[in-house]
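Trainee: Sharing a structure here in structure tokens format.
The values are calculated or read from the model by the stated rules, or taken from the named source; none is laboratory data. Fair warning: this is a prediction, and the values are worked out from it, not measured in the lab. Using ideal geometry, Cβ is built from the backbone for each residue, glycine included, and neighbour counts are taken over all protein chains shown.
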Amino acid sequence: MADVDFLSLFQGIATLVASPPKILIGRICLILFGFLLIYLGKKGVLEALLMIPMGLGMAAVNAGVLFFEHGRMGTLFLDPLVSEPAAVINVLQINWLQPVYTLMFSNGLIACLVFLGIGSLLDVGFVMQRPFRSMFIAICAELGTLVALPVGVWMGLPINEAAATATIGGADGPMVLFSALILAPKIFVPITVVGYLYLGLTYGGYPYLIKALVPAKIRGIAMPPEKVRAISATEKLVFAVVACVALCLLFPVAAPLFLSLFLGVIVRESGLTYFYELFSNQVLYGATFFLGLTLGVLCEANTILHPTVLILLVLGILALTFSAIGGLIGGYVLYFISGGKYNPVIGIAGVSCVPTTAKVAQKTVSAVNPESIILPHALGANISGVITSAIFAAVLVTLVRGIG
């Protein structure tokens with residue numbers, strides 16, 4: 001029996017041995033990090049729907065590296081850098097996730113599908129009942145975007161890359177993906193990966209930030225009951241139509257996302273049951289699953305160990321932290337204006353990770369005072385945050401493209 005070369009037989013191990021130390025360590029760390037994401041998703045610390053496929057994809061892509069012609073290393077998952085038409089056609093026949101990436105991910109379609117599903121779940125009545133307070137909180141929660149942009153430029157990023165990374169402060173994954181595709185296509189993969197990795201921190205990390213900045217006595221404030229007018233489905237429909245057209249008129253660069261979001265709202269309020277079931281279930285969950293899986297597969301060591309990734313990591317955490325602080329500052333402003341009747345924890349819900357931050361706000365308050373119900377107020381701020389994050393991103397894209 002002929003001798004069998006162990007490394008030739010097990011190429012995943014062979015490519016590890018043949019990799020430079022930086023790539024070898026990076027692959028091993030990313031495999032372990034993928035395991036961690038799966039564990040945290042299973043335990044409910046992070047969003048399981050996104051993090052479990054993302055973690056498994058991350059681990060698998062860094063394990064499944066093999067040799068191609070001329071000793072080149074690669075995987076059979078996808079190639080985010082292929083651009084020549086003939087090469088695209090060839091890769092579509094080989095890499096199994098390439099069709100998802102090329103036809104849905106790299107053009108922003110998957111972001112629009114997620115927005116469509118999110119829109120079908122949004123009850124804009126919460127915003128219409130408290131429009132000024134909700135929008136004020138949401139605007140305050142964009143502080144991270146405003147802080148991260150100049151800091152990114154100061155750290156050496158071109159203004160387009162700094163602006164794309166700053167949109168992480170809006171805590172809106174599809175918007176980060178969409179903005180990065182337009183502003184920083186060369187590094188949109190690491191920007192999007194960093195953005196989605198950090199969105200998990202809004203669930204796991206924000207409760208600690210709330211406890212650090214809001215004393216327990218204030219966290220437990222039970223807001224007095226208020227009379228709010230019931231908003232009819234027709235009114236919500238009119239609001240969605242007017243808001244969609246107005247925002248598309250003002251910010252056409254983000255028109256696909258505005259249309260997707262408000263189309264979902266309109267389907268919900270029009271009583272189109274079959275479409276509602278389709279968008280809020282199959283479309284939303286299917287798009288989110290493949291978004292997470294594709295993001296995980298994009299975390300191959302050679303791609304993720306980009307020289308600017310450390311800067312992106314710093315900017316991402318800075319943006320999300322200051323957005324939370326900005327939202328809480330807005331909550332404190334309303335607390336003082338109301339004479340201590342407004343619970344400032346609601347401010348964290350202005351960070352537009354729907355409905356995660358609204359649930360975080362209610363859960364944190366309930367831990368101190370189970371009788372305090374702030375969820376309706378938090379959902380109003382949360383939904384407003386989706387709109388303001390899209391507006392801020394559209395403004396950045398428009399201004400930065402003008403500069404370029």
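Trainee: Looking at (1) out of contact with any helix residue (DSSP H, G or I) (no Cβ under 8 Å at 6 or more places or on another chain); (2) assigned to a helix (DSSP H, G or I); (3) charged (D, E, K, R), can you tell me which one residue 227 breaks?
Mentor: Of (1) out of contact with any helix residue (DSSP H, G or I) (no Cβ under 8 Å at 6 or more places or on another chain); (2) assigned to a helix (DSSP H, G or I); (3) charged (D, E, K, R), only one is false for residue 227: (2).
Trainee: Sticking with this one: Hey, could you check region 23-73 for residues that are among the charged types (D, E, K, R) and modelled with pLDDT of 90 or more and say which is farthest from residue 299 (Cα to Cα)?
Mentor: Restricting attention to region 23-73, the residues satisfying the condition of being among the charged types (D, E, K, R) are 27, 42-43, 47, 69, 72.
From the residues that got through so far, the ones that are modelled with pLDDT of 90 or more too are 27, 42.
Details: 27: 9, 42: 20 Å.
Within region 23-73, the match that is farthest from residue 299 (Cα to Cα) is 42.
Trainee: Hey, any hits in region 346-359 for a residue that's surrounded by 19 or more Cβ atoms within 10 Å (Cβ to Cβ) and touching a Lys or Arg at 6+ places or on another chain (Cβ under 8 Å)?
Mentor: Checking region 346-359: not a single residue is surrounded by 19 or more Cβ atoms within 10 Å (Cβ to Cβ) and touching a Lys or Arg at 6+ places or on another chain (Cβ under 8 Å).
Trainee: Residues 384, 338: which one is crowded, with 21+ Cβ neighbours inside 10 Å and of a type in the set (S, T, N, Q)?
Mentor: Numbers: 338 fails: crowded, with 21+ Cβ neighbours inside 10 Å.
After applying the criteria, what remains is 384.
Trainee: Among the listed residues 375, 328, 320, 396, identify the single one that is in contact with a Phe, Trp or Tyr (Cβ under 6 Å, 6 or more places away or on another chain) and assigned by TED's automatic domain parsing to the domain that holds residue 196.
Mentor: Details: 375 fails: in contact with a Phe, Trp or Tyr (Cβ under 6 Å, 6 or more places away or on another chain); 328 fails: in contact with a Phe, Trp or Tyr (Cβ under 6 Å, 6 or more places away or on another chain); 396 fails: in contact with a Phe, Trp or Tyr (Cβ under 6 Å, 6 or more places away or on another chain).
Of the residues listed, the single one that is in contact with a Phe, Trp or Tyr (Cβ under 6 Å, 6 or more places away or on another chain) and assigned by TED's automatic domain parsing to the domain that holds residue 196 is 320.
Trainee: Residues 291, 261: which one is of a type in the set (A, V, I, L, M, F, W, C), outside any loop (DSSP other than H, G, I, E, B) and touching a Gly at 6+ places or on another chain (Cβ under 6 Å)?
Mentor: On the way: 291 fails: touching a Gly at 6+ places or on another chain (Cβ under 6 Å).
Unique residue meeting the criteria: 261.
Trainee: Would you mind telling me which numbered condition in (1) part of a helix (DSSP H, G or I); (2) without any contact (Cβ under 8 Å) to a residue 60 or more places away in the chain residue 339 fails?
Mentor: Checking residue 339 against (1) part of a helix (DSSP H, G or I); (2) without any contact (Cβ under 8 Å) to a residue 60 or more places away in the chain, the one that fails is (1).
Trainee: Do you know which of the residues in region 33-54 that are outside any helix (DSSP H, G or I) and in contact with a helix residue (DSSP H, G or I) (Cβ under 7 Å, 6 or more places away or on another chain) is surrounded by the most Cβ atoms within 10 Å (Cβ to Cβ)? It would help to see each step written out before you state the result.
Mentor: Filtering region 33-54 for residues outside any helix (DSSP H, G or I) gives 44-47.
Narrowing the set further to residues that are in contact with a helix residue (DSSP H, G or I) (Cβ under 7 Å, 6 or more places away or on another chain) leaves 45-47.
On the way: 45: 17, 46: 25, 47: 21.
Checked region 33-54; the qualifying residue surrounded by the most Cβ atoms within 10 Å (Cβ to Cβ) is 46.
Trainee: Check region 163-180 and report whether any residue there is at negative phi, in contact with an Asp or Glu (Cβ under 8 Å, 6 or more places away or on another chain) and either touching a residue at least 24 places away in the same chain (Cβ under 8 Å) or part of a helix (DSSP H, G or I) (or both).
Mentor: The answer is yes, given that some residue of region 163-180 is at negative phi, in contact with an Asp or Glu (Cβ under 8 Å, 6 or more places away or on another chain) and either touching a residue at least 24 places away in the same chain (Cβ under 8 Å) or part of a helix (DSSP H, G or I) (or both).
Trainee: For residues in region 297-318 being over 18 Å from the mean Cα position of the chain (by Cα), not in a helix (DSSP H, G or I) and not acidic (Asp, Glu), which is surrounded by the most Cβ atoms within 10 Å (Cβ to Cβ)?
Mentor: Filtering first and then ranking leaves 308.
Trainee: Check 321, 294, 388, 356 and return the single one that is closer than 21 Å to residue 243 by Cα, under 21 Å from the mean Cα position of the chain (by Cα) and hydroxyl-bearing (Ser, Thr, Tyr). Reasoning before the result, please.
Mentor: Working: 321 fails: closer than 21 Å to residue 243 by Cα; 294 fails: closer than 21 Å to residue 243 by Cα; 356 fails: closer than 21 Å to residue 243 by Cα.
The unique qualifying residue is 388.
Trainee: Among what's in region 192-233 and is of a type in the set (Ser, Thr, Tyr) and touching a residue at least 24 places away in the same chain (Cβ under 8 Å), pick the residue that is surrounded by the most Cβ atoms within 10 Å (Cβ to Cβ).
Mentor: Going through region 192-233, the residues of a type in the set (Ser, Thr, Tyr) turn out to be 192, 196, 198, 202-203, 206, 208, 232.
Subsequent filtering for residues that are touching a residue at least 24 places away in the same chain (Cβ under 8 Å) retains 192, 196, 198, 202-203, 206.
Details: 192: 28, 196: 23, 198: 22, 202: 23, 203: 19, 206: 25.
The qualifying residue surrounded by the most Cβ atoms within 10 Å (Cβ to Cβ) is 192.
Trainee: Still on this structure, I have one more. For region 99-157, what are the residues that are crowded, with 18+ Cβ neighbours inside 10 Å and not in a helix (DSSP H, G or I)?
Mentor: 106, 108, 122, 124, 130, 141, 142, 157
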